[in-house]
Amino acid sequence: MALAALGFSWSISRVSLYRHRPLIFCISKVGSSSSSSSSSCSVVVESSSFVEEKGTENASHLIGNRQRDGDSQAPRWKKLSSVELGIRSSMISKPARMVLNALKKKGHEVYLVGGCVRDLILKRTPKDFDIITSAELKQVRNTFLRCEVIGRRFPICHVHVDETMIEVSSFSTSGRNSFGGLRNNVKRPPGCSERDYMRWKNCLKRDFTVNGLFFDPYAKIIYDYVGGMEDIKKAKVRTVIPANLSFVEDCARILRAFRVASRLGFRFTKEIALSLRVLSRSVLKLDKGRILMEVNYMLAFGSGEASLRLLWRFGLLELLLPFQASYFVSQHFKRRDKGSNLLLSLFASLDKVVAPDRPCHSSLWLAILAFHKALVDKPRDPLVVAAISLALHSGGSLLEAIEIARGINQPHDSIYMELRESPVLHSKLAMRDEVIDLAASIKDVLLKMASAHYVSQAMGMYPQAPRTDLVFVTEALLQRTCSIFDCVRRGMERGTVSRQLKIDYDSLSSGSLKEVRRTLARIVFDTVYPKKSQERS
């Protein structure tokens, strides 16, 4: 029956870092659901305290190549064969190939750059493809019909091909616009070609070494100027310049560090680990829209569970999602805890159905957060949770959803404290009232998550916890998420519970109410009634 249908930032002194008390934040096993590449390693901090490396490196040496031999005048750059690394042209999306070909035909140099190169090396499907070219942005704009230049401080081109947007930047523009002078003053080493120098200088402005790779798909060469390949092999997240400087230069890199580590299953270097703790509150200075974007990258692209674990272990969950941090504390969930709970299990279920190339709309993960918080505030009978899931899946067939739920004989997962069997569900009307009350409670939680007052009180029971009144959920997102539960009404109209199994990912990413409801229902049901629950118990 319905069960089958559901299928279910510039300067900070090193001395200031030493003054901080030692911090313990060693991390293990984040449960990445990635492919069986070397990136499937657990996220582990190398050390629980900051230990200065022996010797002091000069600025150009630190920035340039992080070589261990101290010879800053002879960088050991690597040029690797993309063919030997197993990268084929077919792995590059058609829209990206079209943009590359159009610029190449105009006589410009073109490269894939950043995370997409890293993902191709790791045999992962990139979230998107970024291109850098020797062409000026005006030349890029004149090459494509649907292209606009965006950004003032760091202008780039957005080229639209069908329904896909390709980001194109220019070497000349990125060279003129940088955060500080340290990397601009790096001199061209002896024997360095003009093209290598151009690519190298651009690498020095990037965030992490694993994002500092250039790929020429025509010469089939990958250029590595900052040790990115070595860190990919070691499954490490390392900043291009010292982490404390990098995060002060751009505090958004703090959130990007979590995104990269959780998505790839990479571990932080000890330098990054300490800087994340020391500088974590600087993310509160970011524009709220930017914070929402970064949190969405963490939760909507297939690494939600790992991201929540990592944010909790490094103390950023209290700043970004204090309601969820309060739940972890109430559950006595330790920073290094390898176990799970209902919140993590819900996101593990979400991670099974989304991926970097098929993300969900932000309303879905926000609905999961609110759904779970409502269950924390008032534990419910698992049959009530099943009934609301079935109702959401059908778009409001409450009567049939209740009838089907009352006939469920599959055992629920009994390890969750948020699920509590109730003896009062003796009639359909009583169960209807419980389902409607749960829907109302979820909406109430959503309103509180968008209220600075309630957010600031979320960690009130824990005096030592950091406080924040940060609200990055927009009014539009709040209303869209609340509307997910509007279909759960008092009426007892009979309808048909949908039996659709396949997810329409275009609709899901665009926020289609119908698709988000169905996917939410599937995630909740499959978590509460896992297929292998009998084997586990």
Do we find that Leu383 is open to solvent by 10 Å² or more (accessible area, probe 1.4 Å), modelled with pLDDT under 90 and either in contact with a helix residue (DSSP H, G or I) (Cβ under 7 Å, 6 or more places away or on another chain) or assigned to a helix (DSSP H, G or I) (or both) in this structure?
-> no
For Leu364, which of the numbered conditions (1) out of contact with any Lys or Arg (no Cβ under 9 Å at 6 or more places or on another chain); (2) over 21 Å from Leu513 (Cβ atoms); (3) assigned to a helix (DSSP H, G or I) fails to hold?
-> (2)
Of the residues that make up segment 512-532, is at least one open to solvent by less than 100 Å² (accessible area, probe 1.4 Å), more than 30 Å from Pro411 (Cα to Cα) and either modelled with pLDDT under 90 or outside any loop (DSSP other than H, G, I, E, B) (or both)?
-> no
Every pair of residues 6+ apart whose Cβ atoms lie under 9 Å, when the first sits in segment 144-157 and is within 19 Å of Leu100 (Cα to Cα) while the second is aromatic (Phe, Trp, Tyr) | Cys157/Phe144
Answer yes or no: is there a residue in segment 185-206 that is within 26 Å of the chain's Cα centre (by Cα), open to solvent by 20 Å² or more (accessible area, probe 1.4 Å) and modelled with pLDDT under 95.
-> yes
Mind checking which residues of segment 400-424 are among the aliphatic types (A, V, I, L, M), out of contact with any Phe, Trp or Tyr (no Cβ under 9 Å at 6 or more places or on another chain) and surrounded by 17 or more Cβ atoms within 10 Å (Cβ to Cβ)?
-> Ala401, Ile402, Ile404, Ala405, Leu419
Within segment 245-283, work out how many residues are open to solvent by 10 Å² or more (accessible area, probe 1.4 Å) and of a type outside the set (A, V, I, L, M).
-> 13
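What's the total number of residues in segment 451-464 that are open to solvent by less than 20 Å² (accessible area, probe 1.4 Å) and outside any helix (DSSP H, G or I)?
Adding up the residues that qualify gives 2.
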Pull up segment 105-114, narrow it to residues that are buried (at least 16 other Cβ atoms within 10 Å of the Cβ) and modelled with pLDDT of 95 or more, then point me to the one that is farthest from Asn211 (Cα to Cα).
-> His108
Only residues that are open to solvent by 30 Å² or more (accessible area, probe 1.4 Å) and either of a type in the set (A, V, I, L, M, F, W, C) or not in a helix (DSSP H, G or I) (or both): list them for segment 432-450, please.
-> Ala440, Leu447, Ala450
Apart from one, (1) buried (at least 20 other Cβ atoms within 10 Å of the Cβ); (2) within 22 Å of Ala257 (Cα to Cα); (3) modelled with pLDDT under 95 all hold for Gly180; the odd one out is (1)
Which ones in segment 222-247 are aliphatic (A, V, I, L, M) and under 21 Å from the mean Cα position of the chain (by Cα)?
-> Ile232, Ala235, Val237, Val240, Ala243
The condition of being over 15 Å from Lys373 (Cβ atoms), modelled with pLDDT of 95 or more, among the polar types (S, T, N, Q) and under 28 Å from the mean Cα position of the chain (by Cα) holds, among Ser441, Ser451, Ser509, only for Ser509
Just one listed residue, out of Leu286, Leu343, Leu364, Leu369, is modelled with pLDDT of 95 or more, of a type in the set (A, V, I, L, M, F, W, C) and surrounded by fewer than 21 Cβ atoms within 10 Å (Cβ to Cβ), and it is Leu286
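The values are calculated or read from the model by the stated rules, or taken from the named source; none is laboratory data. Note that this is a predicted model, so its numbers are computed, not measured. No Cβ is skipped: glycine too gets one built from the backbone with ideal geometry, and neighbour counts run over all protein chains shown. Note: accessible area is taken over every heavy atom of the protein model, side chains too, but ligands, DNA and RNA are not part of it. Shrake-Rupley method; radii C 1.70, N 1.55, O 1.52, S 1.80 Å.
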